[in-house]
Structure formats: structure tokens, C-alpha cells
Amino acid sequence: MVRTIARYLMGAALLAVVAAGLLAAAGIERQLAQADVALSTLDLNQAARSYASVDRRLDWSAPVPWFFEGTRAELAARKAAVRYWRGEYGSLVADYTAADSPSVAGNLPLQLVVANADYLTLRRPNAGREAALGALDRAVGVYRRLLEANEGDRDAAYNYELVLRLRAEIAGGDEVPEFSSPTIPGAAGENPEEAEMEDVQIYVPQESIFDPEETEDPTVGEGAPIRRRG
């Protein structure tokens, strides 16, 4: 009887521990999601505070490295991303390339952030041709090593091809493009060229099947006039 009660108590304690762990994991994931929203909306200060809060919540599990291991790796990459978007390229690279730096092995998102920051530490406004080619050569090597270890990563492959093409263009005689720091939404666009309305062609899908080569009307498929209600 005593043994049976003991087994029940041990089972209940185990379930309590599992429930507590799941509850903590849910809270951490929720806070990470909130931080991601702040990062995506360029609220970098709020994102940094939220990621730091998650980091503090994980302190209790530090003695058990495998516990929340994936979350720790994800958090490290996102904290590095905040520093990257702040333009802290030099200090970010230094923190992960020194002899006593934390390892980035196995953390592809973190490796990519550090690699991008490494490239941008060498690019400078009004850089000359030789300086630009030197920065691109180093970037080519960094992204190639990254791909050798993670050949299926599309972001690394895209960046690798981008710097290769840019280097070929500059080496072929093209002007060095103007340097601009990256932003989360992407590069700033330009105003479209002015055009007259008659130069703008609007194509409307046609409901029935037809051969587009049999008509020269650019507005084929145009619907009936819209009738106002009321």
C-alpha cells in the first residue's frame, strides 16, 4: 500500500514538473513572438528589452545545457540581429570571432548574421575600387565556407551569388555602387517616372477562354460598367 502511494506521489511530482516546464516554455515562446513583432516593426529598443527578458528567464536552466537548447540558439541569433540592424557591425563580429567568443557552430541563423556584419564592416561610403574588391573577396570566402557547412541554406546561397556578381561587375569596369546601410524593409525605392495616363495600359482578365494572339485589344476582358447602388 505504501509503495503504491509512493508511486502515485512520484508520478504526480513528475507530471507537475512537466507541466511547469511546458508552462514556462509557453511563456517564453509568447514573449519571443512579441519581441519578433517589435523587431519587424523596427522598434529595436523594445525588441532588445524583450529578448533580454527572455534571456533572464532562461537563467534557471543554465546548469542543464540541453534544456531549452533550441530556444537559446534562436535567442542568440535574434539578439545578434538586433545589433545588426542597429549598425553595430564591428562589435558584433568581434564578439563572435575572438578566441574566447561563444561558438556559433550549429547555429546557422547566427552564423549568417555574423557573416553579413563581417561584410558590412569592410564596406565604406565612397570606397575605392580596390577597397570594394577586397571587401567582396573576403565576403565571397565567408559565404562559401558557410555554404560548405550548410549547402541547403537559401539565404547564404543568395548572398554568395550576389557578392560574386557584384565583384564581377566592378572588376569588369562598372562603378562601385553607393554604400547604404541595410534596413529591415529593404532598400529605399525611387519615385516612378512621370507618365501620361494614355501610356498606362490596364489588362483585365477575361472570363471566357480565348487566344490572346487573335486580338490586339489591350483591355480585352474588360468588365461591364459599374452601376451605382441606391
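What follows draws every value from the coordinates through simple rules; no lab data is involved. The shown structure was predicted, so the numbers you read here are calculated from the model rather than taken from an experiment. Positions of Cβ are generated from backbone atoms using ideal geometry, with glycine treated the same way; all protein chains shown enter the neighbour counts.
Protection proxy ranking, highest mean first, for peptides 110-116, 36-42: 110-116, 36-42, where packing is the per-residue count of other beta-carbon atoms within 10 Å, averaged. Each peptide in 68-81, 147-160 was scored by the mean count of other Cβ atoms within 10 Å over its residues; highest first, the order is 68-81, 147-160. What is the local net charge at A48, summed over the other residues whose Cβ is closer than 9 Å to its Cβ (Lys, Arg +1; Asp, Glu -1)? So the surrounding residues net to +4. Think of each Lys and Arg Cβ as +1 and each Asp and Glu Cβ as -1; about the Cα centre, that makes the dipole of the stretch 100-181 roughly 80 debye. Across the stretch 69-176, Cα pairs under 8 Å and at least six residues apart give a relative contact order of 22 percent. Each other residue within a Cβ distance under 13 Å of A139 adds +1 if Lys or Arg and -1 if Asp or Glu, for a net charge of +3. How big is the stretch 92-169 by the Kirkwood estimate over distinct Cα pairs, in Å? Computed over the stretch 92-169, the radius equals 13.1 Å.
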